[in-house]
Amino acid sequence: MAHPTLHQLPTLHQLYAELQAERERTWTSEQLERNADQRRSLAARFDPTAYPQPGDTIAPFTLIDQDGNRLSRDELIAHGPAVLVFFRFAGCPACNLALPHYNRTLWPALKAAGIPLVAVSAQNPVDRGIINRHGLTFPVAADPDYALGRALGITFLPDDQPAVKPGDNWIGATLGTNSYEIDQPAVLILNRDATVRRLIVSPDWLDRPEGEAILERLPEAQAANAA
């Protein structure tokens with residue numbers, strides 16, 4: 001059976017439109033408005049100049065992958081650029097669309113070019129559920145104590161932070177951080193010299209870059225796959 005080509009696969013935009021349509025069928029008006037309010041609030045506060053810009057150096061960092069291995073900045077960029085995709089947490093419905101989308105549309109070209117791809121969230125330890133559900137073949141890593149997320153300025157505190165009691169099911173328990181702080185989705189393309197090539201931040205978590213748009217910033221991958 002022939003496999004679909006990249007252009008035959010649904011776009012991330014289409015997948016998010018389907019997710020929103022499903023929510024409009026099944027969620028209450030209060031749930032819909034609360035979700036939309038938070039995304040609108042983050043988008044309204046978004047200032048692209050507040051984040052590291054192309055050419056800025058990213059200080060050394062260490063991530064911890066799903067197997068407990070340490071992934072340092074210098075190891076990731078030892079042979080060329082690296083791509084880090086920041087997501088909210090393993091149970092996030094939008095992230096469960098984005099990461100498999102990147103596994104299909106982005107990772108094959110990067111892997112062929114020898115360019116590392118790592119999915120990163122504050123969730124520590126890594127919840128392997130998102131890997132197992134979608135058969136992800138690139139590493140998923142934790143960012144202990146929000147160190148890299150805070151350095152990039154991509155973390156935020158939700159507008160709604162109700163009081164919690166021990167044993168409550170809340171985002172701080174899910175993340176293992178005991179905090180409401182969470183990453184905004186983002187894509188960091190890091191050059192071999194540890195400078196930023198591109199940082200794309202998505203304050204609206206239902207508006208993330210397509211795999212092809214990321215590849216456009218990586219001529220190394222395009223050249224390797226054209227050879």
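The values are calculated or read from the model by the stated rules, or taken from the named source; none is laboratory data. Remember, predicted model here, so these are calculated numbers, not experimental data. Heads up, the Cβs are rebuilt from the backbone with ideal geometry, glycines too, and the neighbour counts pull from every protein chain shown. For accessibility, only protein heavy atoms count, side chains too; no ligands or nucleic acids. Shrake-Rupley method; radii C 1.70, N 1.55, O 1.52, S 1.80 Å.
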Completion exercise
Ranking G172, Q161, L99 by how far each Cα lies towards the positive end of the charge dipole of segment 90-227 (+1 on Lys and Arg Cβ, -1 on Asp and Glu Cβ), the top one is L99
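How would you classify segment 64-139 from its alpha-carbon gyration tensor, with a ≥ b ≥ c the square roots of the eigenvalues: rounded for a/c under 1.5, else prolate if a/b is greater than b/c, otherwise oblate? Provide the component values of the computation, followed by the final result.
Numbers: a/c = 2.02, a/b = 1.27, b/c = 1.59.
Since a/c reaches 1.5 but b/c is at least a/b, the shape of segment 64-139 is classed as oblate.
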Handout entry: Convex hull of Cα atoms in the chain, direction-averaged projection (nm²)
Key = 13.8
Practice task
Lys and Arg at +1, Asp and Glu at -1: add these up for the other residues within a Cβ distance under 14 Å of T155 and post the number.
Solution key: -1
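In percent, what relative contact order does the chain have, based on Cα pairs under 8 Å that are 6 or more apart in sequence? Please list the in-between numbers first.
Details: 343 pairs, mean separation 64.0, N = 227.
Relative contact order comes out at 28 percent.
Using a 1.4 angstrom probe on heavy atoms only, work out the carbon and sulfur share of the accessible area of the chain in %. Let's see the in-between values first.
Details: 5910 of 11440 Å².
The nonpolar share, carbon plus sulfur, comes to 52 percent.
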Completion exercise
If amide H atoms are modeled at 1.01 Å from N in the peptide plane, then the residues at a separation of 5 or more from A141, or on another chain, having amide H under 5 Å from its own are A119, V120, S121
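Treat every Asp and Glu Cβ in segment 89-227 as -1 and every Lys and Arg Cβ as +1, leave all other atoms uncharged, and give the resulting dipole magnitude about the Cα centre to the nearest 20 debye.
With Lys and Arg at +1 and Asp and Glu at -1, about 460 debye.
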Fill in the blank from the handout: Per the Cα gyration tensor, segment 104-227 corresponds to an equivalent ellipsoid with semi-axes, largest first in Å, of 31, 16, 13
Problem - Accessible surface, the chain, averaged per residue in Å² (probe 1.4 Å) - result: 50
Practice task
Let me have the relative contact order for segment 85-198, percent, based on Cα pairs under 8 Å that are six or more residues apart.
Solution key: 29
Problem - Cα gyration tensor, segment 1-126 - rounded (a/c under 1.5), prolate or oblate - result: oblate
Completion exercise
Diffing segment 27-38: the Karplus 3J(HN,Hα) column from phi (6.51, -1.76, 1.60, θ = phi - 60°), in whole Hz with x for Gly and Pro, holds 8, 6, 4, 5, 4, 4, 5, 5, 5, 5, 4, 5
Completion exercise
Toy charge model, Lys and Arg Cβ at +1, Asp and Glu Cβ at -1: segment 1-125 dipole around Cα centroid in debye, rounded to 20, equals 100
Problem - Extreme residue, positive dipole direction of the chain, given options P52, L218, V126 (C-beta unit charges) - result: L218
Exercise for the section: Post the alpha-carbon centroid distance, segment 170-227 to segment 68-117, in whole angstrom. Expected result: 8
